[in-house]
Amino acid sequence: PALCLFHQFPRIRPCGLAIRRDGDAHVTPGQLGPLFLLADCQTETGKAWVCPTVRQTLLQIANDPTLDHEYLPVLGFPEFTRAATELALGRESRAVIENRAGGIHTVGGTGAVRIGAEFLWRWYNTSSPTPIAVYIAFPQWGNLRCIFQDVGFTEIQPYHYWDTVRLAVAVEGFLEVLESAPDCSIVVLHAPEETGLTPKQWEKVARVMGRKRLFPFFDVPAQGLASGDLDRDAWALRHFVAQGFELFCAQSFSKTFGLYDERVGNLIVVARDNETLVRIRSQLQKQVMGTWATPASLGARVIATVLNNPALLNKWKQSLRMLAEKIMLILEKLKEKLRILGTPGCWDHLTAQSGTRSFTGLLSSQVAFLEKHKHIYLLGNGQVSVCSINSHNLDYVAQSINEAVSSTEGRAQGLSWAEME
Ligand SMILES: Cc1ncc(COP(=O)(O)O)c(C=O)c1O
């Protein structure tokens with residue numbers, strides 16, 4: 001009889017990933033249908049935002065008779081990786097000028113984290129007598145921990161930059177964690193543009209990380225969407241580069257170009273010199289060959305076209321500014337509505353944050369209330385994707401939050417990893 005391999009492992013169980021999206025069986029429609037405050041950039045009618053510059057560029061590409069569907073090189077579309085790397089580090093960056101920074105075109109920002117994490121596991125962890133610790137922000141983008149665990153890291157520790165009780169940035173706690181971390185650990189600096197840390201606070205973080213020889217792994221999913229200014233949002237990354245750190249930076253274009261389904265990312269490697277960069281990129285190339293062989297081209301072609309054309313670049317920057325302003329405005333409006341409704345508590349923290357995600361400060365019981373009674377879905381830690389709140393659902397969201405807070409006691413408090421999952 002044939003080998004029924006899968007059947008031999010009854011212990012393999014569904015892993016129970018709690019992905020809540022339209023179409024999930026347990027989702028029931030509320031007054032406005034199920035409301036997912038988890039979605040990324042959306043229009044006023046709740047549809048995924050399409051960047052006008054992207055639409056225009058796609059048409060241009062579709063009508064270009066010189067383009068074919070030949071495979072890209074393993075490291076991807078060179079015009080894309082060069083422009084993307086310069087976008088993050090700045091054209092005037094010494095690392096760029098000295099040719100010691102380069103990108104690898106990946107399958108989304110997720111692919112960039114994966115390839116970088118795998119590299120660190122193979123070359124760094126295995127050459128260390130003790131397991132290398134990885135520090136990941138908590139609460140965080142769930143995939144980060146999953147990726148580092150999946151490639152083999154066992155010592156994964158959380159750090160906090162947001163005080164869930166005071167509902168404010170908590171750099172002291174973050175610095176304490178870094179001080180107590182084993183020397184030479186990896187620190188994933190995720191969504192630095194959205195943390196709310198000031199340049200002075202980032203300088204302190206960089207000083208501690210330099211002294212403790214901690215490796216920075218940046219994860220930049222929304223450059224430009226926090227402040228509306230691409231350079232301002234890249235401040236922390238550029239500061240680390242200027243301080244002479246060698247680092248990885250996983251760059252995503254899903255949110256900023258509204259190209260979620262095209263899966264475009266770039267893993268930026270900043271090395272001390274060009275010779276090191278060449279060696280590292282060569283090993284990463286081998287990993288890519290064994291993973292997805294070569295990346296898809298369309299999304300990267302769109303981005304490269306926009307980034308390398310001053311007129312299109314300007315238009316895209318305007319769209320980013322508009323999105324960032326819309327996010328700020330919706331948080332202002334939500335805060336005002338909660339004030340008018342007399343919702344218990346202070347909601348200033350809503351407007352003190354910037355970027356696509358916001359800590360609402362809601363307790364997990366209040367999140368559960370919203371799910372059960374209002375069919376509003378957000379992360380268990382009370383984080384929402386602000387872009388999914390619009391003028392059509394704002395009143396309903398505010399009213400529902402008011403009911404959730406009024407009907408349950410207490411304020412937000414920290415959750416453990418286990419509670420998050
Ligand atoms: C912090 C963070 N990093 C990376 C990503 C992944 O981006 P991509 O869609 O490019 O894989 C996300 C997506 O939401 C994110 O929030």
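As a summary of the residue check, T356 satisfies the conditions (1) within 15 Å of the ligand (Cβ to nearest atom); (2) at pLDDT 95 or above except for the one numbered (2).
Looking at the structure I just gave you, is F217 away from the ligand (no atom under 14 Å from the Cβ) and aromatic (F, W, Y)? Judged against the criteria, F217 is not a match. Test E419 against the stated conditions and say whether it is among the charged types (D, E, K, R), at pLDDT 90 or above and part of a helix (DSSP H, G or I). So E419 does not fit the description; no. Considering only the range 95-125, state which residues are in contact with a Gly (Cβ under 6 Å, 6 or more places away or on another chain) and either among the acidic types (D, E) or in a helix (DSSP H, G or I) (or both). Hits for the range 95-125 are G108, G109, G111, A112, W121. Is there a residue in the range 79-94 that is within 12 Å of the ligand (Cβ to nearest atom), out of contact with any Lys or Arg (no Cβ under 7 Å at 6 or more places or on another chain) and assigned to a loop (DSSP other than H, G, I, E, B)? No, every residue in the range 79-94 fails to be within 12 Å of the ligand (Cβ to nearest atom), out of contact with any Lys or Arg (no Cβ under 7 Å at 6 or more places or on another chain) and assigned to a loop (DSSP other than H, G, I, E, B). Report yes if some residue within the range 229-245 is within 11 Å of P216 (Cα to Cα) and touching a Gly at 6+ places or on another chain (Cβ under 6 Å); otherwise report no. There is no residue in the range 229-245 that is within 11 Å of P216 (Cα to Cα) and touching a Gly at 6+ places or on another chain (Cβ under 6 Å). Of the residues A236, A206, A242, the single one that is touching a residue at least 24 places away in the same chain (Cβ under 8 Å) and within 16 Å of the ligand (Cβ to nearest atom) is A236. Taking (1) crowded, with 19+ Cβ neighbours inside 10 Å; (2) touching a residue at least 24 places away in the same chain (Cβ under 8 Å); (3) assigned to a helix (DSSP H, G or I); (4) not polar (S, T, N, Q) in turn, G361 satisfies each apart from (3). Does the range 193-216 contain any residue that is in a strand (DSSP E or B) and under 19 Å from the mean Cα position of the chain (by Cα)? Yes, the range 193-216 has at least one match.
Within the range 157-176, is there a residue that is assigned to a helix (DSSP H, G or I), assigned by TED's automatic domain parsing to the domain that holds A296 and basic (K, R)? No, the range 157-176 contains no residue that is assigned to a helix (DSSP H, G or I), assigned by TED's automatic domain parsing to the domain that holds A296 and basic (K, R). The set of residues from the range 152-194 being of a type outside the set (V, I, T) and within 16 Å of the ligand (Cβ to nearest atom) comprises P158, Y159, H160, Y161, W162, L189, H190, A191, P192, E193, E194.
Residues are listed down the side, and each one gets a yes or a no for (1) at pLDDT 95 or above; (2) more than 16 Å from the ligand (Cβ to nearest atom):
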position	(1), (2)
F253	yes, no
V269	yes, yes
N314	yes, yes
I327	no, no
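The values are calculated or read from the model by the stated rules, or taken from the named source; none is laboratory data. Quick caveat, the model's predicted, so the values are computed rather than measured. With ideal geometry, Cβ positions are generated from the backbone for all residues, glycine too; neighbour counts draw on all protein chains shown.
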